[in-house]
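Peer 1: Supplied in structure tokens, the structure appears directly below.
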Amino acid sequence: MSSSASTVESGRAADSKTVPGPILLLGAPGVGKGTQAKELVKLWGIPQISTGDLLRANVSQGTSLGQVAKEIMGRGELVPDSLVNEMVAVRLQQPDTANGYILDGFPRTLGQAGWLDGRLAAQAKSMPVIAVSIQVDYNQLLRRITGRRSCPVCQTIYNVHMNPPKRDGVCDVEGAALVQRADDTEEVFKERMRAYEALTAPVVEHYRALGRFAEVDGDRPIAAIAAGIVAAVERMRQ
Ligand code: AP5
Ligand code: MG
């Protein structure tokens, strides 16, 4: 195991010398994209850009994007590419993305992938993306989704079955009451899975075909998965 992989295992701040560049975390609802992105942020100090989190922030702020997105997300369908691409474009202009960023849940359609690939190809200094696809089976995903709770203040993610807080319903870090996402019902999860199979699975194949692609087993302890992602990224950035 590389030194930075063992750093992730021990949960300490990292000393990885890798410049990660753009990393895509792909996978079905509940595979652990958000959980893993937060581990990688601690290691590499590059930002997590979660399109789901950005859309939920727009919904809670009542922006015009949020007003459009709210019902679509509530049904478990995908928000139109043009709106999501524009939101990502604005976020990528922030200076904290200079050494790389972790796109969590984007791109999710071939249209979004084409947009991102074109944008990166047009930037002379941009490193090519590395795509990581996380795999977990359906029944485990359902259990993860229905058991998920998160802190509205620090966004720490818990699971009542598999990764509970020390005190029931209360964030370990902030002491805030944990909340459940509106789309984390079994009914909406099934629709999100349908959208994933129809529209996002082809995106995984697109990046697999381009190379710089890793598939990781997401049904393991969080630190072990993170170590696997780090090792794969370091190998591909050599
Ligand atoms: P989004 O917020 O991205 O939801 P998602 O893809 O359905 O993924 P989740 O956030 O549900 O799961 P995750 O993989 O992040 O898992 P997590 O780490 O939380 O998108 C929501 C909606 O926004 C979409 O349906 C769509 O409408 C819209 N949207 C977003 N992006 C879009 C785009 N690009 N284009 C169009 N529309 C878009 O983990 C889940 C649970 O499992 C947690 O409880 C966690 O504690 C637990 N867990 C994680 N890892 C482990 C482990 N190793 N062992 C045990 N438990 C674990
Ligand atoms: Mg997420």
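Peer 1: Work through the residues other than Q112 whose Cβ is under 14 Å from its Cβ and net out their charges, Lys, Arg +1 and Asp, Glu -1.
Peer 2: For residues surrounding Q112, the net value is -1.
Peer 1: In addition: Grab the Cα-Cα distance for R181 and Q238, subtract it from 0.36 nm times how many residues apart they are, and report the gain in nm with one decimal.
Peer 2: Taking R181 through Q238 to full extension adds about 16.6 nm, to one decimal.
Peer 1: Looking at the chain, identify the longest residue range that excludes and avoids all trypsin sites (Lys or Arg not before Pro) in DSSP loops having at most 13 other Cβ atoms within 10 Å.
Peer 2: Here the longest segment lacking exposed loop sites spans 18-124.
Peer 1: Restricting to DSSP H runs of at least four residues, report the calculated mean residue ellipticity at 222 nm for the chain, -39500 (n - 2.57) per run over all residues, nearest 500 deg cm²/dmol.
Peer 2: -14500 deg cm²/dmol
Peer 1: At 0.36 nm per residue, minus the direct Cα-Cα distance, what do D137 and H161 gain on full extension? Give it in nm, one decimal, please.
Peer 2: 7.0 nm
Peer 1: Which one, V129, V31, V160, has the greatest fluctuation when you compute a Gaussian network model over the chain with C-alpha springs under 10 angstrom?
Peer 2: Of V129, V31, V160, the Gaussian network model singles out V160 as fluctuating most.
Peer 1: A follow-up question, please. Could you please state how large a percent of the accessible area of region 95-150 is carbon and sulfur, counting protein chains only and using a 1.4 Å probe?
Peer 2: Taking all protein chains in place, region 95-150 shows 53 percent carbon and sulfur surface.
Peer 1: Per-residue HN-Hα couplings for region 232-238, Karplus 6.51 cos²θ - 1.76 cosθ + 1.60 at θ = phi - 60°, whole Hz, x for Gly and Pro?
Peer 2: With coefficients 6.51, -1.76 and 1.60, one gets 5, 5, 4, 4, 7, 8, 5 Hz.
Peer 1: Quick one: Cα convex hull volume of the chain, Å³ per residue?
Peer 2: Hull volume over Cα atoms, normalised by residue count, gives 125 Å³.
Peer 1: Using a 1.4 angstrom probe, figure out how much accessible area the chain has per residue, in square angstrom, rounded to the nearest whole.
Peer 2: With the other protein chains kept in place, the chain gives 49 Å² per residue.
Peer 1: Which net charge results for the neighbourhood of Q135, defined as the other residues with beta-carbon distances under 11 angstrom from its beta-carbon, given Lys and Arg at +1 and Asp and Glu at -1?
Peer 2: Neighbourhood net charge equals -3.
Peer 1: Multiply the residue separation of R208 and S64 by 0.36 nm, subtract the distance between their alpha-carbon atoms, and state the gained length in nm to one decimal.
Peer 2: In short, 48.3 nm is gained.
Peer 1: Okay, next question. Within straight cross-link reach of K42, meaning Cα distance under 17 Å, which aspartates and glutamates are found once same-chain residues fewer than 8 apart are removed?
Peer 2: Straight-line reach from K42, under 17 Å: E9, D15, D96, D104, E234.
Peer 1: If I model a spin label at S126 and V170 as a point 7 Å from the Cα along the Cα→Cβ vector, what separation in nanometres do I get?
Peer 2: Label-label distance for S126 and V170, simple model: 4.6 nm.
Peer 1: Give me the base-10 log of I(q)/I(0) for region 151-192 at each q in 0.27 Å⁻¹, Debye formula, one uniform scatterer per Cα, rounded to two decimals.
Peer 2: -0.92
Peer 1: Of all beta bridges DSSP finds with both residues in the chain, what is the antiparallel percent, to the nearest 5?
Peer 2: Given both bridge residues lie in the chain, the antiparallel proportion sits at roughly 30 percent.
The values are calculated or read from the model by the stated rules, or taken from the named source; none is laboratory data. Computed from a predicted model, the values in this text were never measured in an experiment. Heads up, the Cβs are rebuilt from the backbone with ideal geometry, glycines too, and the neighbour counts pull from every protein chain shown. We work out accessible area using only protein heavy atoms, side chains counted, and drop any ligands, DNA or RNA first. Shrake-Rupley method; radii C 1.70, N 1.55, O 1.52, S 1.80 Å.
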